[in-house]
Structure formats: structure tokens, C-alpha cells
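Worksheet: one structure, shown below.
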Amino acid sequence: MNERGGGLTREGKRLPSPPRDLDYLPGDPPESGHGREIADGLWWLRVPLPMELNHINVWLLEDGSGWTVVDTGMADDVCRAAWASFDDSVLAGRPLRRVFVTHDHPDHMGLASWLTERYGAEVWMSAWAHESSQRFLATEPEALETRGDAFLRKHGMEVAPKAATPARDPRAWFGGRVRLDGQPGDGSVLQMGGGRWRIIETAGHCRGHLCLHDREREILISGDQVLPQISPNVSVLASAPEADPLREFLSSLERLRRCGTDTLVLPSHGRPFRGLERRIDALTGHHHRELDKLREFYREPHTANDALPVMFGRVLRGIHRMLGLGEALAHLHYLRADGEIERFEEGGVFRFVRT
């Protein structure tokens, strides 16, 4: 089991924003292998992904005589092919000097090592993201699977017998270990792409997640923290089984709210839009409605796995089942930290109940 997952859809459940809520950037997204300039020194590129969420937006910023790119795509041939086509259509012979990684999920950093080899670019990401990703890549798949299965069973989920054919190594999408050339931190400023970009560190979807904000031009590169049509996955993981990620996520949204209503949001998935405050309100409201469901459901003791039909209204399968459990736990841990729900162990399985 890949405990890190892509985690970029909310358990595969799409949450469309009403059209009146957001003002999308006019015009079509760039075709694969091509770019669209959306501000002086700032280009929108799309890299296809071999998964349900079928693309990632990457942002190319002029950086002196070369370029900085924000995020990369996965370590997969379809993503590498897109980058090969960028050589002539967008990069135009100017060197890629820096790869800025918003966070350590494979669609965001999977080609970082490949791009450093291809272009000699530096890799910049948060210290936390680098440490976390390198620790994950150094762990054998069997150990990841054992830890993940024990975590699922502890919360009431049955684990299927191991398949005769070994699953793909979950580390493969990351493309190998990367060196760290720069450690941008919260509040630091980078001059590139026609503006001054302040780093805003967020959490909840992923620790050490970095957004970039150009206050003067009112542009926010939001990574996965704010998406226009889906909520990023907010999960408790086997690697941090007592974490409270939903509280971190909601707190981070409030920090981003300060960027202002007219901010042009450049998300990792979906279309650029204006209406940041309304989108934050929608995301916050969604999670509080989920909390209300669980307050009612846990009047009687249940496992976290029992909550999946309550939260998602359908049977989850495959990776979505595991991500759904992590999301249910994120909400339960939020309530538990507030003293509204308690946890007890029975027969080797955790159960939760309202206090």
C-alpha cells in the first residue's frame, strides 16, 4: 500500500463549485506540450498524468536568463514526453535553472531528479518535504505495506490477501531521491516571473506545503491547498497516526484568506480563478458539515471504517477506500482533540464514541 498516495482527489469524489462562486480565467487551458502566458514572465503549462486526476498545472517563471518551474509531473513516460515538447515550444533554448516543489507528492516532485539530470536545474522545496520524501524513498515497500496494513486493521478495515503478482513499487512515481539546493521557508521572498513572490507555508493536505504569493500583482500559486472544484485529501496517515491534519488545513486556509478577494489563484489542478475567499468559505463549510455528520453518527461506538458510508454515501474501492479512511480519521481526530469524541480499544481495534 502506498500510504502517501497521490491524495489529490477527495477520495475520488468530485465536489463541483457552483459557477456563480468563482470567476475563471477566460480562455482555454494550454494544450499538452505548449504554454500560455498569463502575466509578464509567468506561463501556464499542463502536464498529463496517468491517473484519474489526469493533469497537473505547472507554472513557468522567467528567472534571469533562464526559467524556474513550479512542480513537475510524475515519473512516467507521458510526463517526460510533455517536458520534451516544452523544449522547443516554451523553453526556447533558455535553461531551466530551478525546480520549485510545492510539496512532496509524486505528481508534484516525481520528475525533479530527472529535470536536474536533463537541465542541470537546482531543486528547491521545504526542508520538511525533502526529509519526508527521502525517508519514504529509503523505506522498503514491504515495510510500507506492513505498517499500512496494521494501520488499516487498527481502524476496522479488512485488508485483502497479498496478490500473487507484486504491486508496483509505490516509490516508483517519485523518480528517485533528490538533492536539496534551496530550502525556502515561510515568509521568504523570491524575485522571478516578473514579480516578488512571498512563500506561505501551509499544512493539512501535506506538511511543508509551500504557496507563492505576488501581493503587488495579486497572484497566488496555491499548489493543492486551494483547488477550484475538489477538496485536497486531508488524511491521517500510517506514518503519523495521531496527527490532527484537518485543524492544520483549516488554519492554513485562514492564512490564505488574507491574500484578498481579487487574487488570481493558480491551482495545481483545474482552471485559474478569482474568488479566493468564497472558495475558502466553501471548503471550510464542507468540512464542518462532515464534522456534523460524525457528531451524530458517533452517538454510538463505531470504528473509523464504519464512517465511510456516512461521509461519502457510496462504496469506496481501491486506493479511494484507504484515502477515505484517512479522511474520516482526520475529522475524528479534530473532534477528539476538542473533547467531543473519545477513543477506546476493543479486540485490538479502535472505536470512537461521543463523550
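The values are calculated or read from the model by the stated rules, or taken from the named source; none is laboratory data. Computed from a predicted structure; not experimentally measured. Methodologically, a virtual Cβ is constructed for each residue, glycine included, from the backbone with ideal geometry; neighbour enumeration extends over all protein chains shown.
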For this session: Scan the range 250-267 for residues that are farther than 13 Å from Asp214 by Cβ, in contact with a Ser or Thr (Cβ under 7 Å, 6 or more places away or on another chain) and either among the polar types (S, T, N, Q) or in contact (Cβ under 8 Å) with a residue 60 or more places away in the chain (or both) and report the count.
Result: 2
Seminar exercise, completed: Picked from the range 308-326 (must be hydrophobic (A, V, I, L, M, F, W, C) and part of a helix (DSSP H, G or I)), the residue nearest to the chain's Cα centre (by Cα) is Leu323
Exercise. Restricting attention to the range 136-145, does a residue exist that is exposed (fewer than 13 other Cβ atoms within 10 Å of the Cβ) and not in a loop (DSSP other than H, G, I, E, B)?
Worked result: yes
Exercise. With (1) touching a helix residue (DSSP H, G or I) at 6+ places or on another chain (Cβ under 7 Å); (2) modelled with pLDDT under 85 as the list, and Leu49 as the residue in question, which single condition is left unmet?
Worked result: (2)
Exercise. Could you list, in sequence order, the residues of the range 312-327 that are crowded, with 21+ Cβ neighbours inside 10 Å and either among the hydrophobic types (A, V, I, L, M, F, W, C) or out of contact with any Leu (no Cβ under 7 Å at 6 or more places or on another chain) (or both)?
Worked result: His320, Met322, Leu323, Leu325, Glu327
Exercise. Taking Gly270, is it among the small types (Gly, Ala, Ser) and either buried (at least 20 other Cβ atoms within 10 Å of the Cβ) or in contact (Cβ under 8 Å) with a residue 12 or more places away in the chain (or both)?
Worked result: yes
For this session: Just give me the residues in the range 216-243 being in contact with a strand residue (DSSP E or B) (Cβ under 7 Å, 6 or more places away or on another chain), farther than 18 Å from Phe100 by Cβ and not hydrophobic (A, V, I, L, M, F, W, C), in sequence order.
Result: Glu216, Glu218, Pro228
Exercise. Of all residues in the range 294-307, how many are in a helix (DSSP H, G or I) and crowded, with 22+ Cβ neighbours inside 10 Å?
Worked result: 2
Exercise. Looking at this structure, is Trp44 at pLDDT 95 or above and touching a Leu at 6+ places or on another chain (Cβ under 8 Å)?
Worked result: yes
Exercise. Applying the selection to the range 213-242, what residues are under 14 Å from His287 (Cα atoms), among the aliphatic types (A, V, I, L, M) and surrounded by fewer than 24 Cβ atoms within 10 Å (Cβ to Cβ)?
Worked result: Ile230
